[in-house]
Structure formats: C-alpha cells, structure tokens
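The values are calculated or read from the model by the stated rules, or taken from the named source; none is laboratory data. Everything numeric in this text was worked out from a predicted model, so none of it was measured. Neighbour counts are summed over all protein chains in view; Cβ atoms, including those assigned to glycine, are modelled from backbone coordinates with ideal geometry. In case anyone asks, the SASA skips ligands and DNA or RNA and just uses the protein heavy atoms, side chains included. Shrake-Rupley method; radii C 1.70, N 1.55, O 1.52, S 1.80 Å.
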Amino acid sequence: MRHEQRSPSDDPLTTLLDQVRRGLRDLDDGEPASYIPELSRVDPALFGLSLCALDGQVYGSGDTTAPFTVQSVSKPFVFALALADRGLEEVLTRVGAEPSGEAFNSIRLEPGTGRPPNPMVNAGAIVTSSLVAGDTPQARFARILEGLGDFAGRSLDVDEAVYASECATGDRNRALAYLMHNAGSLTGDVEEQLGVYFRQCSVLVTCDDLAVMHATLAGGGVNPVTGKRVVAPRHAQHVLAVMATCGMYDASGQWMLQVGMPAKSGVSGAIGVALPGQFGIGVFSPPLEEKGNSVRGIAACHLLSDQFGLHLMRAVDPQRRPLPPRSLHGAPLRSLR
Ligand code: DON
C-alpha cells in the first residue's frame, strides 16, 4: 500500500523525533516475524515514530502513515472494551492480572481455574475478545473494530491476507484455546472465538493511529483528537496498570526498569506506549528481537525515556509535589502546582 513519509518540520518536538529516528537508522539487527507467513512480506526498512499529546496534536517522523497489522497491540484496547462491557470483577474471574514472565504464546494456565495469567499474552487475549459484547462472532468483531476505531479516531479495516495467513498457521493459538475451553475459562465455540481474535490481530493501523490510541488511554479514556469518551477513566487506569506489568511479556520487568512507561508490543514490529496524563507514542519497525519485540522500537523508547526523563518512577521536584508538606496537614488542601 502506498504511503508518504512525513516531511521534515521545524517544530521542536518533531525535530527531536527526527533526531531519535535518524540516530537509529543504522541499527539493523533482528528479522521480521515469519511464523505468520504474510508478515514476512513487509519492507523491513520501514521506520516510523509518532507522538500524540493530550491536546490532540500529533507529531511524527518517518513512515508514520504506513499501514501494518496491529497484532498484539490490539490486546490492551480489547481488554478495555471487555472491561467496559463486563466490568473488572467479571473479567477477573476469567483472566488474571499477573505477569507470566513467559513468552507471548505461553501455554501455562492457572492450576485449578484454568485462567490465563493476564490479558496481554495470547491465551488471555483470546479470552478477553470472547468477553466483548455481541450475540454472534460477527457482532463481537464489529464492536471490536468500531472500538479500535474510536481509540484511533478513524474507522479501520482488516488486512484479509494477514487474517487468512493467521488462520492457516495458528495451531498454537488453537491448542491454547482448546485447553482453555477444556478448563472452562473459554466458553462458546472455540473456532468462532479464535476467528474473532485472529481478525482483531489483522486490523490495519499506522504509527499515527497508535500514538492517538495510546494518548486516549493516557488521557483517561477520552480520544484527544476527536474528543469522544471511549472508555471510563477507571478502565483506562486498569489497562495501563496491566500494560505496565505485563505488556512486554517476559521483558516486562526489564522494560519497566529501564523505560518506565506502560507499553505493548506486537509481532508486526509495532510498539505503543502511554505515559499517563502526558501523551501516547507509536513506533513501527518490523525487525524483531528474539522475544518478538521491535529492535528499533525498543531502542527508540529507551532513548526517549532517558533523554526526556519520562520514567514513571522518577522522583518529582519537591516544589511540584501534589500533596502539601507535613506541616500543612490539617490545613485545607490546596494545589501546589
Ligand atoms: O497470536 C498471534 O500469534 C498474533 N496474531 C499476535 C501475536 C503478537 O503480536 C505477539 N506480540 N509480540
């Protein structure tokens, strides 16, 4: 599909994104995913980096409008829709919220309940897409496609070739789904549930879309470009918490240590990042490291976090503390901003 590279601009944020991207041009480790054959047909040189601020302004550098399939980056957003449709309590009876410390396609389920460990690994995501409202698989997928579009601020389409390729080669997901069905954590027709999950992974997005989608989570569930409330603030908060602990699979701990922002990666080479109350980031570069995360995407997020002090656990300037000092306890609270 044709797309245009974003032309250079001289606003300071775009200049910074250009610098980060240009600094990583020579990093050429990794290979695009090939276990879904259609994904290996991508141009490995594509590289885009976008940021959406909470005022709705989108900044970007490189291939920010090139379409690619969302893959696992769909998982937080479908989890958000399941929370909106069923509430946290019901969702938690079917899928856990603990980091698995294992690969995205891990087969480990909770002993006794058969619950998958969390909604960010494949097993958990197959369950959360089955929990989205809809009487038929078609209705459920229509709700997912519309919901992903609300997060992105535009209507989205499916890459039918990638969908067919996922269906043809998805035996590991099929095995996982049958195990969960046998354990009782996945109900309904297994093949139909898998079809919805494979279609959700095959939705086409761009880097700019990912930035807006993550800015919607960072802003408490309101899309900053369209102004539409997509999910409740508490559900956006739940999603960011699970992304922070589980979003990068067996690299989640190290990611939190070094980058310090809730994030989610996908095997198409996408990474989405949300800094609560600040912005969303989308990165796209197809070559992956051995855990299935984009090599340049990881490097770009490390650089951005280091250079701009974005780590969530960074101690804030005492002058900007949100709570009054101890000596003021008892006095009426006031903002110290
Ligand atoms: O379930 C799968 O195999 C894919 N459709 C999605 C996997 C994925 O993106 C994992 N992410 N790193």
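Summary value for region 72-201: 29 percent relative contact order, contacts being C-alpha pairs under 8 angstrom separated by 6+ residues.
Rounded to the nearest 500, the helix-only mean residue ellipticity at 222 nm of the chain stands at -12500 deg cm²/dmol, with each DSSP H run of n ≥ 4 adding -39,500 (n - 2.57). A simple rule links phi to the HN-Hα coupling: the Karplus curve 6.51 cos²θ - 1.76 cosθ + 1.60 with θ = phi - 60°, which for region 310-315 gives 8, 4, 4, 8, 5, 5 Hz, with x for Gly and Pro. Over the chain, accessible surface divided per residue gives 44 Å², non-protein components excluded, 1.4 Å probe. Contact order for region 232-303, expressed relative to its length and based on alpha carbon pairs under 8 Å spaced 6+ residues apart, stands at 23 percent. Residues Asp28, Asp189, Asp208, ordered by accessible area of protein heavy atoms at a 1.4 angstrom probe radius and largest first, appear as Asp28, Asp189, Asp208.
Quick one: net charge around Leu156, please, counting Lys, Arg +1 and Asp, Glu -1 for every other residue with C-beta under 14 Å from its C-beta.
-4
Carbon-plus-sulfur accessible fraction, the chain (probe radius 1.4 Å, protein heavy atoms only): 52%. In order along region 225-242, the phi-based Karplus estimate (6.51 cos²θ - 1.76 cosθ + 1.60, θ = phi - 60°) of 3J(HN,Hα) comes to 8, 8, x, 7, 6, 9, 9, 5, x, 5, 6, 4, 5, 4, 5, 5, 5, 6 Hz; Gly and Pro are listed as x.
If you model region 72-201 as an ellipsoid using its alpha carbon gyration tensor, with each semi-axis the square root of five times an eigenvalue, the axes come out at 21, 17, 13 Å, biggest first. Our summary gives region 126-190 a relative contact order of 26 percent, counting only alpha carbon pairs under 8 angstrom and 6 or more residues apart. Rolling a 1.4 Å probe over the protein heavy atoms leaves Glu98 with an accessible area of roughly 120 Å². Dipole orientation for the chain: of the candidates Phe141, Gly266, Val222, Val222 has the Cα lying most toward the positive pole (charges on Cβ; Lys, Arg +1; Asp, Glu -1).
Rounded to the nearest 20 debye, the dipole magnitude of the chain is 1300 debye, with +1 charges on Lys and Arg beta carbons, -1 on Asp and Glu beta carbons, and the Cα centre as origin. The string of couplings for region 189-200 from the Karplus curve (6.51, -1.76, 1.60, θ = phi - 60°) is 7, 4, 5, 5, 4, 5, x, 5, 4, 4, 5, 4 Hz, one whole number per residue in order, with x for Gly and Pro.
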